[in-house]
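Here the structure comes first, spelled out in structure tokens, and everything after it is commentary.
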Amino acid sequence: MDKLGNILHSLNFFYPEIALTLTFFILLLVDLFFRKSKHLLPVLSLIGYVITGYFSFTTPNASGFLFSTGMANVGLYITDSFAFYFKLIILLSLIYTVLFSILSKEINESTENRGEYYALLASFGLGMFLLTSSTDLITIYLAFEMVSLSSYILAGFTRKVPRSAEASLKYIIFGAVASGVMIYGISILYGLTGTTNIYLINFYLANQNYNTLTLVIAGLMIIGGFGFKISMAPFHFWTPDVYEGAPITITAVLSVASKAAGFAILIRFLKVAFVDYAATNLQASLWAILPGFQWNDILAVLSVLTMTLGNLAALWQNNLKRMLAYSSIAHAGYMLSGFVILDNQGILAILIYFAIYLFMNLGAFFIVMLISDKLGSEDIDDYTGLGYKAPFLTVSLTIFLVSLTGIPPTAGFIAKLYLFAALVNTGWLWLALVGVVNSVISLYYYMRVVKNMFLRESISTYEQKIELGHVLISFSLLIPTLVFGVYFKPLIELAEKSIRIFGF
Amino acid sequence: MITQHIYFAVLFPLIGFLINGLIGYKIKNEKVIGWIGSGFVGLSFLVSLLSFFEVTGLNVAERKIIVPIFQWISIESFNVSFAYLVDPLSLVLALVVTGVGFLIHVYSIGYMQGDKGFWRFFAYLNLFIFMMMNLVLADNFVLMFLGWEGVGLCSYLLIGFWYDRKFNGSTTADAAKKAFIVNRIGDFGFLLGMFLIYKTFGSLNFNEVFTIAEKVPLPEATATLITLLLFLGATGKSAQIPLYVWLPDAMAGPTPVSALIHAATMVTAGVYMVSRASVLFVQSEITMMVIAAIGAATAIFAASMGLVQNDIKKILAYSTISQLGYMFLAAGVGAFTASIFHLMTHAFFKALLFLGAGSVIHALHEEQNIKNMGGLKNHLPVTYKTFLIASLAIAGIPPLSGFFSKDEILWETFAHGHSFLFVIGLITAFMTAFYVFRLFNLTFENKSRYPSHIHPHESPKIMTIPLIILAILSIIGGFVGMPKVFVGESGNFFYNWLKPVYEPSETYLFNVPLYTHSTEIVLMIISVIVALSGIFLARYVYLENIKPIDWLVTKFGKLYNLLFNKYYVDKVYDLLFVEPIVKGSERILWKFSDVKLVDGFINSVGEFFIEIGGLIRKIQTGVTQFYALIMIFGIILIIFMLLI
């Protein structure tokens, strides 16, 4: 097949990404001509995402690489069920972000840039879509930067608020360092193997001698770049500052979608490039890794570090957004532990965890947004006694926080159950214990909020009128959080279908 | 086929619960709330009834339909599905639960009128029906346990429904707690039994477990252990010795609750469970003996306590315990059909007795002491007549329903060679007739003894119509199970209906010694004479001549006190279990191990983590360059660690 024919053929599998690209352009153009209309942009965004979703479902998995460079039949892009699962999560969180944005006071008050806001959200989404499916270090890097650049601007979107501007700048600086480290790692890896395609890298590493030290340095640097996206310690430092400063809708999407994309590419890169497939029995779910680079041991340590740092620092936070930022770091730590066991069970657990995390975390952010819009504060002390003034919101928040802690009958328990069960089954008992201890620590700061809301006398003059939109969105997040806690089979089945990464 | 959609029968009460529970407090009109609650139970009854007719039309072999809803838990080899089992046994229970339940719901519209928790009451009641339907329709032990615990929860909520009222010197909340805690002991047994079943059979599905149990006899020890544990669960829920103590206190709840939950339905769950798992029970001769003995002992013991109580609902509570004892006696001698038959007729007349008592209490402004009643015959004509019917039914006067079911139990007991237990059953029958007519006479006959400013009048139609329907059922309910001696093998509809359910267990039952029909008829006549003499004695003592009772009380003062104080069982339990546990938990568990050991440890652990968190927090300086530096150092550090 000639190159043009290959590209045209590949486009057949590229509809979701094309739809996102078009959404991005249309939003930019509409913003030029219809500045006045308030709801046009979010509605168009939603339509765009729904169409993207439709194409994601209807586009079949490609049986080979897309955009093949012709050499050894390897290409830049792949559409497999693994990527599809993460795309669903990304798309869902984008849709929720748009819905949140419609209701957010913060976003609506800064009307002048709303066009860019929604357009950048679309390009952010496009970047994440590309990231989940890329199989070449160059496309990975490009997609990575696309995600980063969009999110830098989005984080500073309410630029007149000082803390938002500061967040954006910090994010850029830290992101630039991370990106620099990563591209450096990529260039070393290229020097070592002579290719940027992760499948070919694996092939060379499996069949040729190489300098272990060089490989370790290169691999670590690339992991560092991804670690930045999923806020893995010690690359997590930007997270609390940025999460606190950014508009809460962006914080929500950063904590779920961007993390999902980061996880997707981290798993894909390491599982494709650094696993010894000659020694791996494909029938059993366990994999062997290439000698010389014990990346799973490193990740085990980093995952412990991540969850512990996140949880311990969260104990001290008085700002709810900042507390949720630390909690999201801790959750990344839990999920990461599922990857280090080198077993498909772990991947399954991560996928399940992510879907549940999507609902409970977005839910928590949504309620915090609604309350802080009215209250004008995210300070936990200002939540005192709110339970009696805003029963619906506070009970919902309690459910989300209980789920984040991982207490039955909420979905968060199922997420942790599958994760820790996978750890125990594969003999990583100590890691499971660390995870459980960490969950217990997290109980303290989550329940502190609940205690403040319900067990103390009210001091604020908070008044709240619940709108239908609030209730509907809350319920759409509450129901999965509760139902998946009792009836989780469909979710498990979907995740089971999605654990296979193309080719392996 | 409607049977395939039996889940509607379960779902309807849930809908009612959700409507009343979520927005009930906003509905200002009580009628609307009440009819939402009753209506959904009525629909549920309708679905059960249609399924019943449909199943009647099937061949006997096909009368076992499993309706899967969804796979509930699936972890490796442990599979539990959310599925309902429709068979003759579960249909009988479903009909009783929804039918009697519906009538009691309607009655409650009148009874609970003006109560500030009106919507809450109906929400709980619907939740109860939902849970109870899960219990009786479950096709596996886990789902059954879900219902089992669910009805326990509802029972707890409803006993303590008037949480702000006093009851027996303490509060209704204490009564609710007592019920809950005593039930926990039984539930513990049930759970252990379930674990053992899973360990033995590798499944908790009724069909799988019972099919294996039917084909491969269990080792005697395993069978005994499993069934004794399950029976412990049954003694908790069905208020048998030694766990019966919660039921009299459960009368703290509103009267319709006592009628529905603590007489007609929930308390029979234990009987149902024994019947459901009959193929396991019959494999252990020891357990069967234990069940029969406990049943008979509970029957006579509770009836004797009922002789001297003065609280109208307490008498009925002891009577319920005693009647449940009969049911277990029947199950213990292997007459499962008779036990379910009595379960059904008892649901009719005992619900009627409670609702009638409710009507009386209502008319006398919450008066429950029968010594302060009397002469209500003319003021409450409908209540009087229906109560009389129920009293005759429970006393066992032919041809009312109670006669047939009780006589079946007594006959089966005798026919299986347990003549001693038969005598106990007979004495209990005498006591039953006596205490129920003591209650009846003191309440309705003679002159009035309540304060003169009270002018009792009959309850509204919404309350009396359920009474009338239940009275009709109490009269004719027994005809479905006429003794074989009169109508022949094929004429006993109830027996033939349930036959396929018990066929697997029949292979294990030792042969029934044959007695002639004339023996059965003689025994029947004896039991009628016994019942009549009980009635006439009560009539003599409490109606025509009230004096002898004072003489009796003084003459047998000690016995009277013993009975009146319920054999001091509550006190003994307090002394043996409650006190040591309370004291021990206060001194050892709370003040020492909790406050000093656990709290001390937890607090220092907590402080430790918070301190560390405080240190970690300091790294987050807010200076971006510093963050970048740590990141680079982190990478370098890891590289070094890997190289070393």
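Bear in mind these aren't lab numbers, they're just calculated from the coordinates by the rules spelled out. Here the structure is a predicted model, which is why all the values come from computation and not from measurement. Neighbour counts are summed over all protein chains in view; Cβ atoms, including those assigned to glycine, are modelled from backbone coordinates with ideal geometry.
When Rg is the radius of gyration of the Cα atoms in segment B:141-209 and Rh is its Kirkwood radius, what does Rg/Rh come to?
1.18
How about segment B:1-109: which GluC sites (Glu not before Pro) there are in a DSSP loop, with at most 13 other Cβ atoms within 10 Å of their Cβ?
Answer in residue order: B:E76.
Please sort by residue number the chymotrypsin sites (Phe, Trp or Tyr not before Pro) in segment B:343-444 whose DSSP state is loop and whose Cβ has at most 15 other Cβ atoms within 10 Å.
none
Gap in Å between the Cα centre of segment B:169-218 and the Cα centre of segment B:60-123?
The two parts, judged by their Cα centres, are 19 Å apart.
Sorting A:V424, A:V253, A:V304 on the 10 Å Cβ count, fewest up front, what's the list?
The order, fewest Cβ neighbours first, is A:V424, A:V304, A:V253.
Can you give the average number of partner chain beta-carbon atoms within 10 Å of each beta-carbon in peptide B:292-299, as a whole number?
Whole-number average of other-chain Cβ neighbours for B:292-299 is 0.
Work out from phi, with θ = phi - 60° and the Karplus expression 6.51 cos²θ - 1.76 cosθ + 1.60, the ³J(HN,Hα) of each residue of segment A:241-258, listed in order in whole Hz, and give x for Gly and Pro.
Result, ordered by residue: 5, 6, 4, 6, x, 5, x, 5, 4, 6, 4, 4, 6, 5, 6, 10, 5, 5 Hz.
Could you line up B:M482, B:M344 from fewest to most neighbouring Cβ atoms inside 10 Å?
B:M482, B:M344
May I ask for the net charge around B:G117, where only other residues with Cβ less than 13 Å from the Cβ of B:G117 are counted and Lys, Arg are +1 while Asp, Glu are -1?
0
Sequence-distant or interchain residues sharing an amide H contact under 5 Å with B:N140, placed H: which?
So B:N140 has HN proximity to B:F206.
Using the Kirkwood radius over C-alpha pairs as Rh, can you work out the diffusion coefficient of chain A via Stokes-Einstein at 4 °C, viscosity 1.567 mPa s, in µm² per second?
The diffusion coefficient I find is 56 µm²/s.
Could you list the trypsin sites (Lys or Arg not before Pro) in segment B:419-507 that lie in coil according to DSSP, counting only those with at most 15 other Cβ atoms within 10 Å of their Cβ?
Of the trypsin sites (Lys or Arg not before Pro), the ones in loops of segment B:419-507 whose Cβ has at most 15 other Cβ atoms within 10 Å are B:K447, B:R449.
Please tell me which of these pairs span more than 27 angstrom C-alpha to C-alpha: B:K31/B:K447; A:K105/A:K416; A:K170/A:K416; A:K105/A:K170; B:K447/B:K566?
Beyond 27 Å: B:K31/B:K447; A:K105/A:K416; A:K170/A:K416; B:K447/B:K566.
What distance in nm separates the two pseudo spin-label positions at A:R163 and B:S593, each 7 Å out from Cα along the beta-carbon direction?
Reported label-point gap for A:R163 and B:S593 is 4.6 nm.
Once phi is turned into ³J(HN,Hα) by the Karplus curve 6.51 cos²θ - 1.76 cosθ + 1.60 with θ = phi - 60°, what whole-Hz value does each residue of segment B:184-195 show in order, with x for glycine and proline?
Values, residue by residue: 4, 4, x, 4, 4, x, 4, 4, 4, x, 4, 4 Hz.
Please compute, for the alpha-carbon atoms of chain B, the extent along each of the three principal axes and give them in descending order in Å.
102, 64, 50
Which peptide among B:141-149, A:6-14, A:259-267 comes first, and what is the full order, when sorted by highest mean count of other Cβ atoms within 10 Å?
Top of the packing list down: A:259-267, B:141-149, A:6-14.
Hey, can you grab everything whose amide H is under 5 Å from the amide H of B:F161? Only 5+ residues off in sequence or another chain; H modelled, so Pro and N-termini drop out.
none
Name the shape class, rounded, prolate or oblate, that the alpha-carbon gyration tensor gives for segment B:287-343, where a ≥ b ≥ c are the square roots of its eigenvalues, rounded holds for a/c under 1.5, and otherwise prolate holds if a/b is larger than b/c and oblate otherwise.
oblate
Quick check: the distance between the Cα centres of segment B:231-279 and segment A:148-193, to the nearest angstrom?
If we compute the Cα centre of each part, the gap is 67 Å.
Counting other beta carbons within 10 Å of each residue's own, what order do B:H453, B:H418, A:H236 fall into, fewest first?
Lowest count first: B:H453, B:H418, A:H236.
What's the magnitude of the charge dipole for chain B around its Cα centre, counting Lys and Arg as +1 and Asp and Glu as -1 at the beta-carbon? Answer in Debye, nearest 20.
For this selection, approximately 1640 debye.
Could you sort out which of B:K350/B:K406; A:K374/A:K465; A:K389/B:K28; A:K389/A:K451; A:K160/B:K618; B:K313/B:K461 sit more than 18 Å apart by Cα distance in this structure?
Distance filter (> 18 Å) returns A:K389/B:K28; A:K160/B:K618; B:K313/B:K461.
Based solely on C-alpha atoms, express the radius of gyration and the Dmax of segment B:1-139 in angstrom.
Spelled out, the Cα radius of gyration and Dmax of segment B:1-139 are 16.4, 53 Å.
How many nm separate the modelled label positions at B:E579 and B:E285, each set 7 Å beyond the Cα in the direction of the Cβ?
Reported label-point gap for B:E579 and B:E285 is 4.3 nm.
In nm, to one decimal, how far is the B:I465 label point from the A:S377 one, both placed 7 Å along Cα→Cβ?
Going by the 7 Å Cα→Cβ label model, 5.8 nm.
For B:K26, which aspartates and glutamates qualify as cross-link partners when the Cα separation must be under 20 Å and same-chain residues fewer than eight apart are set aside?
B:K26 reaches A:E467, B:D115.
Determine, for each peptide in A:86-96, A:136-146, the mean count of other beta carbons within 10 angstrom over its residues, then list the peptides with the highest first.
A:86-96, A:136-146
What residues have an amide H closer than 5 Å to that of A:V275, excluding those fewer than 5 places away on the same chain, when H is modeled at 1.01 Å from N in the peptide plane?
Those qualifying (amide H under 5 Å, at least 5 residues apart or on another chain) are A:L290.
Residue by residue, what Karplus-based ³J(HN,Hα) values in Hz, rounded to whole numbers, does segment B:292-300 have, using 6.51, -1.76 and 1.60 with θ = phi - 60° and x for Gly and Pro?
4, 5, 4, x, 5, 4, 4, 4, 6
Straight distance only, please: which aspartates and glutamates reach the Cα of A:K36 with their own Cα at less than 17 Å, same-chain residues fewer than 8 apart left out?
Partners found: A:E109, A:E112, A:E116.
Once you keep just the Cα pairs under 8 angstrom separated by 6 or more residues, what percentage relative contact order results for segment B:140-564?
15
Which lysines have a Cα less than 25 Å from the Cα of B:K199, not counting those fewer than 8 places away in the same chain?
Qualifying lysines at Cα under 25 Å: A:K489, B:K215, B:K237.
By how many nm would the segment from B:E30 to B:K571 lengthen if fully extended, with 0.36 nm per residue of separation less the alpha-carbon distance?
190.6 nm
Of all the Cα-Cα pairs you can form in segment A:84-227, what percent are over 22 Å apart?
49
Whole Å is fine, so just give me how far the alpha carbon centre of segment A:408-425 lies from that of segment A:287-364.
Centre-to-centre (Cα) distance: 13 Å.
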